[in-house]
Each structure stands twice: as structure tokens, then as C-alpha cells.
Amino acid sequence: MPEIVTASLFTEVSGLLILAGAIGYVGHLLKQPLIVSYIVVGILAGPSVLGLARSEGPLELLSDLGMAVLLFLVGLKLDYRLVHELGMVSLLTGLGQVLFTAGFGFLIAMGLGFDVIASLYIAVALTFSSTIIIVKLLSDKRELDALHGRVALGFLIVQDIVVVLSMVVLSTIGIGAAAEGEGLSVTGALTAAAVLVVIVVLIVRYAANPLTRSLAQSPELLILFSIGLAALFAAIGEALGLGLEIGGLLAGTALASTPYRDAIASRLGPLRDFLLLFFFLVLGTELELTILGENVTAALIFSAFVLVGNPLVVVIIMGLLGYRRQTGFLAGLTVAQISEFSLIFIGMGVTLGHVTEAELGLVTLVGLITIAASTYMITYSHKLLPIFAPYLGAFERADPERERADEERGAEEPPEVILFGLSGLGSAIAERLAQKNVPMLAVDLDPAVVREWQLRGVDAVYGDVTDPEYLLGLPLASAPWVVTTLRHHGPYLNTPDPRQTLLKVLNAEGFDGRVAVAVYDPAEGDSVQEGGADLVLDPFALTAEALVDKVMEKQEKAE
């Protein structure tokens with residue numbers, strides 16, 4: 001009997017993955033993000049269509065793990081130094097957008113006949129925008145470092161804070177509900193939660209940096225530890241009645257101040273995307289097409305509100321703060337959708353019994369419509385700008401002084417060289433670049449080496465060159481030179497060649513600078529040149545040539 005169950009579960013998951021791959025491929029052809037495909041897969045796999053998602057227990061386990069990882073990554077961005085780094089414009093515009101969307105969303109929901117509690121849930125759910133989608137689209141367009149891209153990232157941080165506060169409120173409500181139903185002490189649960197927060201603070205203050213520095217010697221171990229920490233805190237949060245979402249957030253916050261958070265986030269991104277599939281599969285099992293059909297009109301109204309209202313309020317606020325209409329328009333388009341957190345938030349409400357599957361289906365439809373539409377809006381933003389710009393002049397100051405000031409502050413001297421590898425040849429190159437005051441960014445996988453160069457005043461960061469997601473987060477667009485001195489140990493360790501990975505990413509991103517690659521075997525020269533290297537450095541040949549020149553020079557002088 002167990003063998004039959006195991007085989008059935010394996011067959012079921014295999015079918016779901018094949019369906020997800022097929023729908024995902026169609027979505028890719030339509031230039032849609034994976035989240036849209038996942039929502040469609042969840043609906044198709046649900047009981048109302050194909051009925052493929054039958055094993056609720058295993059799927060819910062993977063769904064819970066996916067939420068823990070997702071919230072861990074949100075917490076990973078909430079560094080305690082965030083307040084100093086978050087610009088006032090992003091803060092004011094982000095808060096203004098959140099308050100506008102929540103306020104008018106509540107009034108629209110009430111006007112459509114929803115009760116007060118359901119209207120509150122829908123209104124808050126409409127305020128969240130998808131970090132995953134916005135960062136991916138802006139990165140593809142190489143606009144993350146543009147002014148509107150920087151402001152948009154500020155929006156995301158503000159919304160992440162709203163996500164945290166909203167889930168804390170819901171978790172507190174959940175504790176109260178449990179107290180009424182099961183006799184659990186609310187005071188005791190909140191006290192335990194406070195103890196958990198204190199533990200996180202102590203980890204941040206005393207343990208996070210030395211622990212991650214030690215673990216970073218092995219990137220695989222660092223990632224394993226991060227997943228384990230997310231699961232541990234999620235389990236503790238669930239045991240305390242706070243919910244696994246809050247536990248995952250706290251776990252991420254514990255590591256948010258470490259210099260390895262970007263490397264952790266980039267490595268966990270694919271795992272998050274994979275596990276989110278199961279969240280939407282579980283969501284699909286709770287939806288019925290009849291319920292979705294009943295909410296089409298309301299979904300269209302809310303979608304129009306998000307697609308038009310959110311960008312418009314951003315244009316207005318940024319115009320009042322002293323930005324040009326073009327910047328406000330391009331930044332505003334990034335909040336013209338709701339996110340996966342909207343569905344998680346409504347799902348928590350369903351669990352608490354505050355809202356029904358009807359509201360869940362409504363928000364799911366709004367997510368499907370707004371994410372699909374806003375993807376095209378962001379992708380073709382510069383073609384839409386001339387169409388709408390003439391109508392936005394009323395929201396622009398005669399003198400956009402704040403935009404000029406921000407452009408000057410944002411025009412920091414970019415690195416002229418991005419150097420990968422700080423040992424051996426890389427150390428010598430970094431030394432000479434530093435002596436000549438050449439702006440550079442150095443990347444290495446050894447935390448001790450990175451720390452050593454940071455103490456010497458060099459802009460050095462921890463990172464894995466074989467991780468394409470990490471590479472895309474570097475300022476590749478502004479660097480005239482990329483230099484790698486890394487070796488390939490693949491023939492012995494069965495690992496990818498970091499130099500070839502780097503060349504492929506640079507080619508895919510349309511890097512228009514020059515690339516220098518060190519080779520330690522003459523046979524490697526042709527392959528890296530074919531991969532796109534402009535300059536091949538053979539340190540042994542260069543050393544031999546320099547030595548021979550010195551010898552010959554000495555002989556000539558003797559003669």
C-alpha cells in the first residue's frame with residue numbers, strides 16, 4: 001500500500017510539473033512572468049478543471065516551505081540601517097501610494113457591496129506590488145540604476161514594510177482567535193513572540209556576521225544554513241501561533257545586516273520560484289470556476305483602479321515633490337499590479353475565517369489581470385510615454401529641482417573596472433589599480449579575502465561568479481572593463497567554468513565594454529576568445545616575456 005501511494009504521489013507531482021512547464025513556456029512566448037503562468041496552472045490543476053492536485057498534504061507542505069523561503073527573502077532586505085538609506089522621496093511616494101490605494105480600494109469595495117472586513121482585506125491586498133516582477137523587468141531593460149528605477153526600488157522597500165506590518169497584525173488577530181477557541185493565553189503567546197524578536201536582535205548584534213563569514217567559506221553550506229534557519233523560525237512562529245510567515249520574516253531579518261545577503265538572495269531565488277508553484281497549486285484547489293465567474297465584473301473594476309489609479313497617484317506625488325512627469329510616469333507604471341503577497345494575505349484571511357473563497361477568487365483574478373497587463377506596460381513604457389506625457393503636464397512643477405538634485409547625487413563615480421578574483425594575479429591587479437586610484441569593484445568568493453581588501457579601503461564584495469542572478473545585480477552597464485583572474489577547477493570538481501559563465505551573462509546583457517580573461521593553460525585561450533573575451537591574459541607567458549626582456553636589456557647594457 002505505501003508503495004502505491006508513493007508512486008501515485010510521484011506521478012501526480014510529475015504531471016503537475018509537466019503542466020507547469022507547458023504553461024510556463026506559453027507564458028514565456030507571451031513575455032509574461034512566471035507568476036501569471038503559476039496562477040493559471042493552479043486554476044487548471046484545481047478541482048474545477050483537471051483535478052490534478054489531489055494530494056493536499058504533501059502539496060501544502062511544499063507550499064508552506066515556499067512561503068517560508070519567500071518571506072525569508074523579504075526579511076533579508078529589511079536591514080536595520082534601512083531608514084538611513086531609504087530616500088525621503090521613496091518613503092513619501094511609497095506611503096502615499098499605499099494610503100491612496102488602500103483608502104480608495106476600501107471605498108470601491110464597499111460600493112460593490114462587500115462588508116467592512118472583506119473590504120479592508122481587499123483594500124490592503126491591492127497595495128502590494130510584485131518585487132520579483134518589477135526587479136526582473138527593470139533589470140532586463142537595464143533601468144535598475146536609472147532614477148525611476150531607484151525610486152521604484154524604494155517603493156518596494158516601503159511595501160515590504162507594509163507587508164510585514166500587515167502580517168504582524170493578522171498574526172496577532174490569529175492569536176486572539178486561537179485564544180477564544182482553544183484557551184491559549186494571548187499574553188503568553190505575545191510574550192513568546194517578544195522573546196523571539198529579542199533572539200533575532202541578539203543574532204543580528206553578536207552572531208550574524210561572524211557566523212555567516214565562517215559559513216561563506218562554503219557557499220553551499222551558507223545556502224543550506226539559510227534554508228534551515230528560515231524553516232526553523234517558520235516552525236517556531238507556527239508553534240507560537242504567529243504563523244510561519246512571521247517566522248520566515250524574522251529569520252531573514254536576522255541575516256539582513258550581513259554582507260552576504262545579496263549572495264544568499266540570488267542563490268535562493270530559483271528555489272523560491274520553484275516552491276511558489278506549489279503555493280499556487282494549493283491556491284487553485286481552493287478555487288472554483290463558478291466563484292471566479294461571479295467576480296469578473298468586480299475584478300475588472302479593481303484591475304482598472306490598480307492599472308490607472310496607482311500610476312496616476314505616483315505621478316501626482318512625484319510631481320508635487322519636484323520630479324518631471326516622465327520620471328513619475330515610468331516609476332508609476334511599476335506599481336500597476338498586485339503581487340503574490342496579495343494572495344498570501346487574502347489566504348491568511350481565509351484561514352482566520354475573516355473572508356471567504358469568493359474574496360480569494362476575486363483577488364486572484366485581479367492579480368492575473370494586473371500582472372499580465374502591467375508587464376506589457378513596463379516593457380513598452382518608453383513607447384507609452386509620448387502618448388500620455390502631454391496629459392500629465394498639470395502634475396509637473398515648472399522647475400523640477402528635486403529631480404536635478406537626485407540626478408547629481410545618483411551620479412556617483414561608477415567603477416571603471418569590475419575585477420573578479422582577489423587572489424594571486426587578481427591581488428596584484430587590484431594593488432596596481434588602487435595605487436593609480438582607478439575606481440574598481442572587486443568580487444571574490446573568499447570572505448576573509450574580501451574583508452582584508454575592504455579594510456584597505458577597496459570596494460570589495462562577496463559573490464559567486466557562477467551565479468548568473470548575482471552577476472545581474474552588479475553595475476555591469478557602467479563599467480568600461482571587466483577583468484576575471486579566476487581559475488577553472490571543473491575537470492576535478494565537476495563545476496562550471498566561472499569565466500565562461502561570466503562571458504555568457506555579459507553577452508546576454510549586451511555588455512558594450514571590454515573583457516579581459518586570465519588563462520592558466522594556453523589551450524584555454526581559444527575557448528575564452530570564442531566566448532567573447534577581448535583580451536586574454538596568460539600570466540606565465542607575460543612573466544616569461546618580462547623576464548627575458550630584462551635579461552636581454554641587461555646583456556645589451558653590458559655590451
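For the range 125-162, name all the residues that are more than 14 Å from the chain's Cα centre (by Cα) and of a type in the set (S, T, N, Q).
Thr127 - this is the single residue of the range 125-162 that is more than 14 Å from the chain's Cα centre (by Cα) and of a type in the set (S, T, N, Q).
Only one of (1) at pLDDT 85 or above; (2) surrounded by fewer than 15 Cβ atoms within 10 Å (Cβ to Cβ) fails for Val449. Which number is that?
The failed condition is (2).
Quick one: is Phe274 in a helix (DSSP H, G or I), under 18 Å from Leu17 (Cα atoms), in contact with a Ser or Thr (Cβ under 9 Å, 6 or more places away or on another chain) and at pLDDT 85 or above?
no
Got a sec? Which of Phe305, Phe280 is under 26 Å from Leu362 (Cβ atoms), surrounded by fewer than 21 Cβ atoms within 10 Å (Cβ to Cβ) and more than 16 Å from the chain's Cα centre (by Cα)?
Of the residues listed, the single one that is under 26 Å from Leu362 (Cβ atoms), surrounded by fewer than 21 Cβ atoms within 10 Å (Cβ to Cβ) and more than 16 Å from the chain's Cα centre (by Cα) is Phe305.
How many of the residues in the range 213-240 are within 25 Å of Ala448 (Cα to Cα) and assigned to a helix (DSSP H, G or I)?
Matching residues across the range 213-240 total 14.
So, in the range 372-406, of the ones that are among the basic types (Lys, Arg) and in a helix (DSSP H, G or I), which residue ends up modelled with the highest pLDDT?
Taking the candidates together, the pick is Lys383.
Given the conditions (1) more than 21 Å from Val465 (Cα to Cα); (2) surrounded by 21 or more Cβ atoms within 10 Å (Cβ to Cβ); (3) among the aliphatic types (A, V, I, L, M), report the number of the one that Val204 does not fulfil.
Going through (1) more than 21 Å from Val465 (Cα to Cα); (2) surrounded by 21 or more Cβ atoms within 10 Å (Cβ to Cβ); (3) among the aliphatic types (A, V, I, L, M) one by one, Val204 breaks only (2).
Give me the residue from the range 446-475 that is charged (D, E, K, R) and assigned to a helix (DSSP H, G or I) and, out of that set, nearest to Phe511 (Cα to Cα). Walk me through how you get there before you give the answer.
In the first step, residues of the range 446-475 are kept if they are charged (D, E, K, R); the result is 446, 451-452, 456, 459, 464, 467, 469.
Filter once more, keeping what is assigned to a helix (DSSP H, G or I): 451-452, 469.
Details: Arg451: 29, Glu452: 30, Glu469: 16 Å.
Checked the range 446-475; the qualifying residue nearest to Phe511 (Cα to Cα) is Glu469.
Given Leu196, Leu275, which one is under 30 Å from Val49 (Cα atoms), in contact (Cβ under 8 Å) with a residue 24 or more places away in the chain and touching a helix residue (DSSP H, G or I) at 6+ places or on another chain (Cβ under 8 Å)?
Details: Leu196 fails: under 30 Å from Val49 (Cα atoms).
None of the others qualify; the one that does is Leu275.
Please specify each residue of the range 210-224 satisfying the condition of being surrounded by fewer than 18 Cβ atoms within 10 Å (Cβ to Cβ) and not aliphatic (A, V, I, L, M).
Answer for the range 210-224, where residues must be surrounded by fewer than 18 Cβ atoms within 10 Å (Cβ to Cβ) and not aliphatic (A, V, I, L, M): Pro210, Ser214, Gln217, Ser218, Glu220.
Can you name the condition, by its number, that Gly243 falls short on among (1) buried (at least 16 other Cβ atoms within 10 Å of the Cβ); (2) under 20 Å from Gly347 (Cβ atoms); (3) at pLDDT 75 or above?
Exception for Gly243: condition (3).
One residue is enough: does the range 128-137 have a residue meeting the conditions touching a Phe, Trp or Tyr at 6+ places or on another chain (Cβ under 8 Å) and farther than 22 Å from Ala331 by Cβ?
There is no residue in the range 128-137 that is touching a Phe, Trp or Tyr at 6+ places or on another chain (Cβ under 8 Å) and farther than 22 Å from Ala331 by Cβ.
Grab the helices (runs of 4 or more DSSP H) fully contained in the range 34-123, keeping just those with 1 or more residues being of a type outside the set (Val, Ile, Thr) and either surrounded by fewer than 16 Cβ atoms within 10 Å (Cβ to Cβ) or in contact with a strand residue (DSSP E or B) (Cβ under 7 Å, 6 or more places away or on another chain) (or both).
56-76, 82-85, 88-111
The values are calculated or read from the model by the stated rules, or taken from the named source; none is laboratory data. If you're wondering where the values come from, they're calculated on a predicted model, not measured in any experiment. Cβ sites come from the backbone with ideal geometry, for glycine too, and all protein chains shown count toward neighbours.
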